[in-house]
1. To the nearest 10 degrees, how steep is helix 51-67 against the longest Cα principal axis of the chain, on a 0 to 90 scale?
2. Would you mind working out the magnitude of the charge dipole of the chain relative to its Cα centre, with +1 at each Lys and Arg C-beta and -1 at each Asp and Glu C-beta, to the nearest 20 Debye?
3. Ignoring ligands, DNA and RNA, what percent of the 1.4 Å accessible area of the chain is carbon and sulfur?
4. In whole Hz and in residue order, list the ³J(HN,Hα) couplings for segment 382-399 that follow from phi through the Karplus curve 6.51 cos²θ - 1.76 cosθ + 1.60, θ = phi - 60°; x for Gly and Pro.
5. Can you tell me, using C-alpha contacts under 8 Å and at least 6 residues apart, the relative contact order of the chain as a whole percent?
6. Of the DSSP beta bridges with both residues in the chain, give the percent that are antiparallel, rounding to the nearest 5.
7. Can you work out the accessible area per residue across segment 50-150, with the rest of the protein chains kept in place, probe 1.4 Å, in square angstrom?
8. Skipping prolines and chain starts, which residues have an amide H placed within reach, meaning under 5 Å, of the one on THR271, given they are 5 or more residues away or on another chain?
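The values are calculated or read from the model by the stated rules, or taken from the named source; none is laboratory data. Everything numeric in this text was worked out from a predicted model, so none of it was measured. Quick reminder, even Gly has a Cβ in these numbers, built from the backbone with ideal geometry, and neighbours come from all protein chains shown. Ligands, DNA and RNA are stripped out before the accessible areas are found, and what is left, the full protein with its side chains, is counted by its heavy atoms. Shrake-Rupley method; radii C 1.70, N 1.55, O 1.52, S 1.80 Å.
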Amino acid sequence: MDKQGTLFGHPKGLMVLFFTEMWERFSYYGMRGILVLFLVSNTKGGYGWTDEQALELYGTYTMFVYLMSIPGGILADKFLGQKKAVIIGGFTLVAGHLLMAYPPEWAFYTALVLIVLGTGLLKPNISTMVGGLYREGDSRRDSGFTIFYMGINLGALLASLIVGYVGEVYGWHYGFSLAGFGMVLGQIVFIWGRKYLTGVGNLEKNTKDEDRIFTKDQHGTPAAATGFMGFTRQEWDRIIVILISFIIVLVFWASFEQAGGLMNLFAKQYTDRVIFGWEIPTAWLQGLNSFFILTLGGIVAAVWLILAKRGINLPSIFKMGLGTSILGIGFIFMVFASLQRSSSPDGLSSLHWLVFAYMFHTIGELALSPVSLSFITKVAPKRIVASMMGLYFAVTGLANKLASLIGIWAVRLGELEVFMYIAGFTIFLGIVLMVLTKRINKLSHGMEDKKMDEQQAQTGQLLEAEVS
């Protein structure tokens, strides 16, 4: 897949997808970072909703953003191909984000629908295209997804600083308009860079032979094995292990996505954000996650490469379990923040609790999210890989809705108990997954362990040399 050459040891197409996703995420996270704050605000064009109303809409919106990845993946697999789906989705997102700058409520709801539809087409398919840049067994795949993931978070960090500041200081709709221009830039980058994506993301009408298991009929002639719904038993095992990973993903993101709702409101209402006499905009704290990903992402990627070089190849399920437990540790700091808030005279907690919480959440995310994306592209049967990626984002959407319900529960019952429950459950689940990794991973039938050919091995060694 390196016909267009490499850059820093990776296909040049990775940089095209990196910058496309960076600007798409700039628009999405810019809008997401100020959405709840806009809905509860009584100034600068805000709607003045209650916390519960804002969290409910936020959860429903983010749920559908990801749920639409299922039809988005199916449309790409069956009719459009991933490349065309990304282009159509991008234009739909441009229309939706720019419409958010228009104040009337009918424009607001119409814009949300357009953003939901556009993201459903773009999000699963651009991630699948990253996997399509690498052959099976290529050691660069996990690190490639980590680099791609850093692009996502560069866009999110810029959005928190720029869109968040403009929205809070000058007006929410001005912030939304900046998010729209970010999406325009993303669309320009992708259309210009298609020359580096030749052979990636095109519609594949026929099932590839390498994705089928062959047996011999009574005459000794090779024949494709068939099973329930056209999948072999081994393929069903691979699908099952992906579904198990989806359960982990559901729990992780339902906890992690407290950031945009409950933790966002906690930062605004119950956190002392004044440093040297200046109050930090609430939306800027949403950028902490992205900042830590950019500063720690390379370290995590390097750790995986160093371990692999020493013959220690941690299975994806183990990494996901580790990430879940680390996420839980982050919520322990939110427990401390809640305890301090309840005992302090001014009812505020120190800023450093949120900083530590976001840092551990980020480390957990780096251990789980890029690995889970890569895991799907390695293990899923090739003819349904985009559909499985769509299902992954749909599970993420359900997790976002669950996150909002947890946030509403916290508003009614108190955030201390909720933070305690999340911390305990996620730490326990992560430990269980790490212990049971070998049993679970048998269902992948060695798809994670496929050996590289000589050329791929040399490329992997080149990347390791550049990292070190």
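1. Approximately 20 degrees, to the nearest 10.
2. 1040 debye
3. The C+S portion of the solvent-accessible surface of the chain is 65 percent.
4. Along segment 382-399, the couplings run 4, 6, 10, 5, 5, 5, 5, 5, x, 5, 4, 6, 5, 4, 4, x, 4, 5 Hz.
5. It rounds to 26 percent for the chain.
6. 90 percent
7. Here the per-residue accessible area is 34 Å².
8. SER349
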